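Structure record follows, encoded as structure tokens.
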Amino acid sequence: MFLIHPPAVVDFDVWSPMPDTYRKPARSAWADANRGGAITDSFLEGPVFDDAGNLYVTDIPWGRVFRVDPAGAWTLVAEYDGEPNGMKFLDASHLLITDYKNGLILLDVGTGAVTPYLERRNSERFRGVNDLVFDRDGNLYFTDQGQSGLHDPNGRLYRLRANGQLDLLLDNVPSPNGVALSPDGRVLYLAVTRGNCVWRVPLMADGSVSKVSQFFTSYGPSGPDGLAVDAEGNLLVCNPGLGYVWLLNPRAEPITIWRSPKGMSTTNIAFGGPDRRTVFCTESVSGSILTAHAPQPGVPLYRLQTAGPGR
């Protein structure tokens, strides 16, 4: 009989909370729709590092992007009419952002200027894009979550090829959220929040997907959100509602559970630090960034305009 060892349970450290000067304790249209009308002074997501080791995060309800330096000091980079969520660097000076209101947008991190990148598909607005990841060939995978769920499983997964061609890969997902690629780029992991699971999406040589399966099943009031992969092919899964980040081996067996000490809304993660073995997690409701030490470094993140992987 094969016995699975119980996972280690480790508490995150609180690295850097949002300064009070940036908090906005007021109602917002986003919080009315997504937080039951609760006063939400910030809601952090989208962590990603630049080449200098600065961490960038989004603040969805107030249309803001912040830069947090290695010492934990915050700077407002941009504030605009939008609802930014996931981010990845397009090149060294531009962030590509999935914005619920505006589709894909581009942010110049030096000037704070925001410009459209991909607002519509065949003249139709997206339902509400959420997260994104580049592969080594410059293809962009992104989710279109909207208000989909088990009641209306119509969320979408897209691929925007480096040549500009947009492919609809899936259109039957009950709340597609975070995305991450296996180290060899042949499998895409897709967080399915309202299904409380993670799907495994094989990427075929001809550009199609096939035999999509349910890789991991969670539980509780809210399902998986942000995802990341380490160099050994282990999958990290943010699980708001539980306040967890799961570290799963390639058989979806939990190795470690990192727990939030500040709140239950562990939404997104990024690997950082000099050796890329520190996990940085946004705890969205408290407006905090949490950290933990990972056993393996994260896989490099690719960009569209780069000769190799970015940070």
Q | Rounded to whole Hz, the Karplus (6.51, -1.76, 1.60) HN-Hα couplings of region 10-19, x for glycine and proline | A | 10, 7, 5, 8, 8, 8, 7, x, 4, x
(Q) I need the phi-derived Karplus couplings for region 141-154: 6.51 cos²θ - 1.76 cosθ + 1.60, θ = phi - 60°, integer Hz, Gly and Pro marked x. (A) 9, 8, 9, 10, 7, x, 9, 5, x, 4, 6, 7, x, 10
Q: Using a Gaussian network model of the chain whose springs link C-alpha atoms within less than 10 Å, name the residue from GLN214, GLN296, GLN165 with the highest mean-square fluctuation.
A: GLN165
**Q.** Average projection area in nm² (convex hull over Cα atoms of region 229-308, one quarter of hull surface)
**A.** 6.0
Q.
As a test, work out the antiparallel percent of DSSP beta bridges whose residues both lie in the chain, rounded to the nearest 5.
A. 95
(Q) Taking the square root of 5 times each eigenvalue of the Cα gyration tensor, what semi-axes in Å does the equivalent ellipsoid of region 2-81 have, largest first? (A) 28, 21, 12
Q | Gain on full stretching of the segment that runs from SER210 to ASN163 - 0.36 nm per residue minus C-alpha separation | A | 14.6 nm
Q | For the chain, built as a Gaussian network whose Cα springs stay under 10 Å, the top-fluctuating residue of THR278, THR111, THR266 | A | THR111
**Q.** Apportionment of accessible area to carbon and sulfur, region 8-293, percent (1.4 Å)
**A.** 47
Q) From the backbone phi of region 230-237, what are the Karplus-calculated ³J(HN,Hα) couplings (6.51 cos²θ - 1.76 cosθ + 1.60, θ = phi - 60°) in whole Hz, Gly and Pro given as x? A) 9, 5, 8, x, 6, 10, 9, 10
Q) In whole Å, what is the distance between the alpha-carbon centres of region 228-248 and region 7-70? A) 19
(Q) For the ranges 189-199, 284-294, 49-59, what's the packing order if you count other beta-carbon atoms within 10 Å of each residue, average per peptide, and put the highest first? (A) 189-199, 284-294, 49-59
Q. Assuming R0 = 51 Å, what is the FRET efficiency of GLU119 and ASP20, from their Cβ-Cβ distance, to the nearest 0.05?
A. 0.90
Q: Report the calculated FRET efficiency for TYR219 and ASP171 (r = Cβ-Cβ distance, R0 = 25 Å), to the nearest 0.05.
A: 0.40
Q: Let me have the relative contact order for the chain, percent, based on Cα pairs under 8 Å that are six or more residues apart.
A: 16
Q: Relative to the compact-globule scaling 2.2 N^0.38 Å, provide the ratio for the alpha-carbon radius of gyration of region 8-293.
A: 0.92
Q: Rank SER123, SER260, SER175 by mean-square fluctuation in a GNM of the chain with C-alpha springs under 10 angstrom and give only the top-ranked residue.
A: SER123
Q | Segments 177-184, 34-41 sorted - mean Cβ within 10 Å per residue, highest first | A | 177-184, 34-41
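The values are calculated or read from the model by the stated rules, or taken from the named source; none is laboratory data. Predicted, not measured: the structure shown is a model, and the values here were computed from it. A quick note on method: Cβ atoms are made from the backbone with ideal geometry, for glycine too, and the neighbour counts reach across all protein chains shown. For the accessible areas, the whole protein counts, side chains as well, though only heavy atoms, and no ligand, DNA or RNA atoms are used. Shrake-Rupley method; radii C 1.70, N 1.55, O 1.52, S 1.80 Å.
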